[in-house]
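The values are calculated or read from the model by the stated rules, or taken from the named source; none is laboratory data. Keep in mind the model is a prediction, meaning the values are calculated, not measured. Reconstructed Cβ throughout: ideal geometry from the backbone, glycine too, with neighbour counts over all protein chains shown. For the accessible areas, the whole protein counts, side chains as well, though only heavy atoms, and no ligand, DNA or RNA atoms are used. Shrake-Rupley method; radii C 1.70, N 1.55, O 1.52, S 1.80 Å.
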Amino acid sequence: MERFNALIKKDGSGRLTIIEIPFNAKEVFHKSRGAIYVSGTINGIEYRSKLLSRGSGKFVMVLDKAMQKSIGFDGQEMTVNITMASEDLEAVAGEPDKIVDVTCGLDVLTAIKTRQSIRKFTAKPVSEDMVSAILYAGMCAPTAKDKRPYHFIVIRDRCVLSMLAQQNSNAAMLESSAGAIIVCGDKSREGIKEFLYADCAAAAQNILLCIHGLGLGGVWCGVVPNSDWRKLLIGQLALPNKLEPISVIAFGWPDEEKELCPRWETAKVHYDKW
């Protein structure tokens, strides 16, 4: 972990807000080739970013508007304290081989066509390996500019599941579920609300498809802004101000079967224009 002070300023074009890295990142982080991804804090605010090479061993980090706002940058040069560590994405990519030992019996199109919302579950427990696989599926979802603003909170505590179920009739299935995954969006990482919701929705869809592909059942519950249930989630989960609860996904072994309905609607398809 590197610690240093640096200047935040506009680049020569005036369009980008950058931090010039005061060392050769390739040498310090032992990266002979490929992109360098880093994470750490700027004045105590967490970040994740990609370093841009300026040649001759010089690197800069670009700050998006959300981060600029979080640290109070107003367009004038300011000195900040930075911690920075390299993210070994290759190691992360190989991690599921070590922590997940599950198989999926459905091809992707079959999983998409046959997935349904399941609200009744048996008492059979779901293994931690399966939960890890489900979470990894969520992390594989596409996000705007690869910001990956999602966080997942796994709830297995029966008392908490029961309390959340009793406080929202639309989430009553949590009472019998094996667990729940709360998909949250990090507003400090993605400052555009529409992108934040879209990124978390993509992660939720990946999670739901993985749940189905593993033979489990699942259903998502929306979190209405300014609702009492949203406030309950924030308080119960001790969410910091930067995290927005987007959806709650119940999962477990299914205790119901539903008839498949055809979904193709020609009237929903348009080519080149409306």
For the chain, what is the accessible area per residue in Å² when the probe is 1.4 Å? 58
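Run the dipole for the chain about the Cα centre, Lys and Arg Cβ at +1, Asp and Glu Cβ at -1, nothing else charged, and hand back the magnitude in debye, nearest 20. Present the calculation step by step, with values, prior to reporting the outcome.
Values: 34 positive and 32 negative charges, 150 e Å.
For this selection, approximately 720 debye.
Report the FRET efficiency, 1/(1 + (r/R0)^6), for Glu2 and Ser56, where r is their Cβ-Cβ distance and R0 is 22 Å, rounded to 0.05. Walk me through the intermediate numbers first.
Details: r = 19 Å, r/R0 = 0.88.
Working from the Cβ atoms, E equals 0.70.
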In nm, give the distance between the simple-model label positions of Thr122 and Asp272, each being 7 Å from the Cα along the Cα-to-Cβ direction. 5.4
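Between Asp146 and Val108, what is the FRET efficiency for a Förster distance of 22 Å, r being their Cβ-Cβ separation, to the nearest 0.05? Provide the component values of the computation, followed by the final result.
Working: r = 22 Å, r/R0 = 0.99.
Efficiency at R0 = 22 Å is approximately 0.50.
Computing the accessible area with a 1.4 Å probe over protein heavy atoms, can you report the carbon and sulfur percentage for the chain? Walk me through the numbers before you get to the answer.
On the way: 8230 of 15910 Å².
Whole-percent figure for carbon plus sulfur exposure: 52.
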Pulled fully out, how much extra length does the chain show between Asp157 and Val28, if you take 0.36 nm times their separation in residues and subtract their Cα-Cα distance? 42.1 nm
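Can you sort Lys26, Lys120 by solvent-accessible area, 1.4 Å probe, largest first? Working shown, then result.
Values: Lys26 65, Lys120 115 Å².
Reading off the accessible areas and sorting them downward yields Lys120, Lys26.
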Within-13-Å neighbourhood charge of Asp107 [Cβ basis; K, R +1; D, E -1]: +2
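Going by the alpha-carbon gyration tensor, a ≥ b ≥ c the square roots of its eigenvalues, is the range 135-259 rounded (a/c under 1.5) or, if a/c is not under 1.5, prolate (a/b greater than b/c) versus oblate?
On the way: a/c = 2.07, a/b = 1.22, b/c = 1.69.
Oblate is the answer for the range 135-259, as a/c is 1.5 or above yet b/c matches or exceeds a/b.
Can you give the longest run of the chain that contains no GluC sites (Glu not before Pro) sitting in a DSSP loop with at most 10 other Cβ atoms inside 10 Å?
Details: sites that count: Glu77, Glu257, Glu259, Glu265.
That would be 78-256.
Normalised by the residues of the chain, what does the relative contact order come to in percent, with Cα pairs under 8 Å and at least six apart?
Numbers: 472 pairs, mean separation 51.3, N = 274.
Contact order relative to length: 19 percent.
Counting helices only, and only those DSSP H runs with n ≥ 4, report the 222 nm mean residue ellipticity of the chain as the sum of -39,500 (n - 2.57) divided by its residues, in deg cm²/dmol to the nearest 500.
On the way: 9 runs with 79 residues, N = 274.
The per-residue figure over the chain is -8000 deg cm²/dmol.
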Quick one: how many Å² of Tyr197 are accessible to a 1.4 Å probe, rounded to 10? 90
Tell me which of Ser177, Val108, Gly72 sits at the most positive position along the dipole axis of the chain, charges placed on C-beta atoms (Lys, Arg +1; Asp, Glu -1). Gly72
Straight-line reach check, Lys145, cutoff 25 Å on alpha carbons, 8 or more apart in-chain or any other chain, hits among lysines -> Lys9, Lys10, Lys26, Lys31, Lys50, Lys58, Lys65, Lys69, Lys187, Lys193, Lys242
Segment Lys193-Gln76, extension gain: residue separation times 0.36 nm, minus the distance between their alpha carbons: 39.5 nm
Dipole of the chain [Lys/Arg +1, Asp/Glu -1 at C-beta], most positive-end residue of Ala144, Phe59, Val38: Phe59
Using only the C-alpha atoms of the range 1-57, find the volume of their convex hull and express it per residue in Å³. 101
Semi-axes a, b, c in Å (a largest) for the range 217-265, each sqrt of 5 times a Cα gyration tensor eigenvalue, come to 30, 14, 9
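In percent, how large is the relative contact order of the range 137-222, given Cα pairs closer than 8 Å and 6 or more residues apart?
On the way: 110 pairs, mean separation 33.0, N = 86.
Computed over the range 137-222, the figure is 38 percent.
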Under a straight-distance cross-link criterion of Cα-Cα below 19 Å, which lysines are reachable from Lys113, leaving out those fewer than 8 residues away in the same chain? Lys258, Lys268
